[in-house]
1. Is there a residue in the stretch 196-206 that is part of a loop (DSSP other than H, G, I, E, B) and touching a helix residue (DSSP H, G or I) at 6+ places or on another chain (Cβ under 8 Å)?
2. Where residues in the stretch 201-230 are surrounded by fewer than 21 Cβ atoms within 10 Å (Cβ to Cβ) and among the charged types (D, E, K, R), which of them is nearest to residue 168 (Cα to Cα)?
3. Looking at (1) touching a helix residue (DSSP H, G or I) at 6+ places or on another chain (Cβ under 6 Å); (2) not in a loop (DSSP other than H, G, I, E, B), which one does residue 102 not meet, given that it meets all the others?
4. Contact list please: Cβ distance under 6 Å, first residue in the stretch 229-258 and at pLDDT 95 or above, second residue outside any helix (DSSP H, G or I) and of a type in the set (Gly, Ala, Ser), pairs at least six apart or on different chains.
5. Which members of the stretch 1-47 meet the condition of being more than 16 Å from residue 91 (Cβ to Cβ), of a type in the set (S, T, N, Q) and modelled with pLDDT under 85?
6. How many of the residues making up the stretch 140-166 are of a type in the set (Ser, Thr, Tyr) and surrounded by fewer than 18 Cβ atoms within 10 Å (Cβ to Cβ)?
7. In the set 223, 246, 240, which member is in the same structural domain as residue 162 (by TED's automatic domain parsing), charged (D, E, K, R) and in contact with a Leu (Cβ under 6 Å, 6 or more places away or on another chain)?
8. Among the residues that make up the stretch 77-86, is at least one of them in contact with a helix residue (DSSP H, G or I) (Cβ under 8 Å, 6 or more places away or on another chain), not acidic (Asp, Glu), not assigned by TED's automatic domain parsing to the domain that holds residue 139 and not in a helix (DSSP H, G or I)?
Amino acid sequence: MNSETMDKMQRQFDDMAHQVPGENIEFWFARELQEPLGYERWENFFKAIQRAIESCQTAGYEPADHFRGVTKMVALGSGAQREIEDFMLTRYACYLIAQNGDPRKEPIAFAQSYFALQTRKQELLEDRMQLIARMVARERLRESEKALSQNLYERGVDDAGFARIRSKGDAALFGGHATQAMKEKYGVTKSRPLADFLPTLTIAAKNLATEMTNYNTQQEDLRGEPAITQEHIQNNQSVRDMLGQRGIKPEDLPPAEDIKKLERRVKAEEKQLAKKTGGLLDSDTK
């Protein structure tokens, strides 16, 4: 997401914020958030709200403090009016709704950052979105490696064979540095996955090569460790060549912060957000 788009979305969410009369409590109306968050139908957005309410309850907070059902009058084309259901949402409620969306969609990724922070400083929003992008990339790689592992198992390759295939693929991607060599280079303990310490670009590169291997293994009906190993090496080499055309050598990129620490930080920030967000009053705010 470029800076101009971020500015536009930030202004949009800022403009939609309301204030509880006489209280220093911000809230947003669900109906106003629906379209900016990428939901065309209220029925689908309502399901996201319900999941967020369940998340709030699971976290040990009272949903009524953060989600308050209200009714609003809207004008019809005929000039008449009808009642529709809506929700007043605290910042924490908005964050939970965004958390239940797909972070691969730009509006959702932005909303997760915007509502997680108690500040509107753009540089902090950008940092938060980069963090989310890395976490999303890591989850994608985890899913593609899981799918490849299952695919290989059905083709006669066990877990040890999958590990060897992945290591040889890493050697092709990292200019001759296999998985363990890259762990030593980055100071990663043997028990931890290398990908938890890779920058977002490298995670995405590994994921692309893995997806290619998965696809071609199925399309060409490859079987056995030697054939699939060669396929994975070629795909990682192709990705490396593509990066090299842009002057990028994956093995030269610095390691990133342990992604497990980032995940714990996100959880801690979520708890702080819940504590700092004031509860909605029982007034008839409309």
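The values are calculated or read from the model by the stated rules, or taken from the named source; none is laboratory data. These numbers were taken from a predicted model, which means no experiment stands behind them. Here Cβ is always computed from backbone atoms with ideal geometry, including for glycine, and neighbour counts include all displayed protein chains.
1. Within the stretch 196-206, one or more residues are part of a loop (DSSP other than H, G, I, E, B) and touching a helix residue (DSSP H, G or I) at 6+ places or on another chain (Cβ under 8 Å).
2. Only one residue fits best here, namely 225.
3. Among (1) touching a helix residue (DSSP H, G or I) at 6+ places or on another chain (Cβ under 6 Å); (2) not in a loop (DSSP other than H, G, I, E, B), the lone unmet condition for residue 102 is (2).
4. Within 6 Å, the pairs are 251/175.
5. Correct list: 2, 3, 5.
6. Of the residues in that region, 1 qualify.
7. The match here is 240.
8. Taking the stretch 77-86 first, the residues in contact with a helix residue (DSSP H, G or I) (Cβ under 8 Å, 6 or more places away or on another chain) are 84, 86.
Keeping just the survivors that are not acidic (Asp, Glu) gives 84.
Applying the additional criterion that residues be not assigned by TED's automatic domain parsing to the domain that holds residue 139 yields 84.
With not in a helix (DSSP H, G or I) added as a condition, the list becomes 84.
Within the stretch 77-86, one or more residues are in contact with a helix residue (DSSP H, G or I) (Cβ under 8 Å, 6 or more places away or on another chain), not acidic (Asp, Glu), not assigned by TED's automatic domain parsing to the domain that holds residue 139 and not in a helix (DSSP H, G or I).
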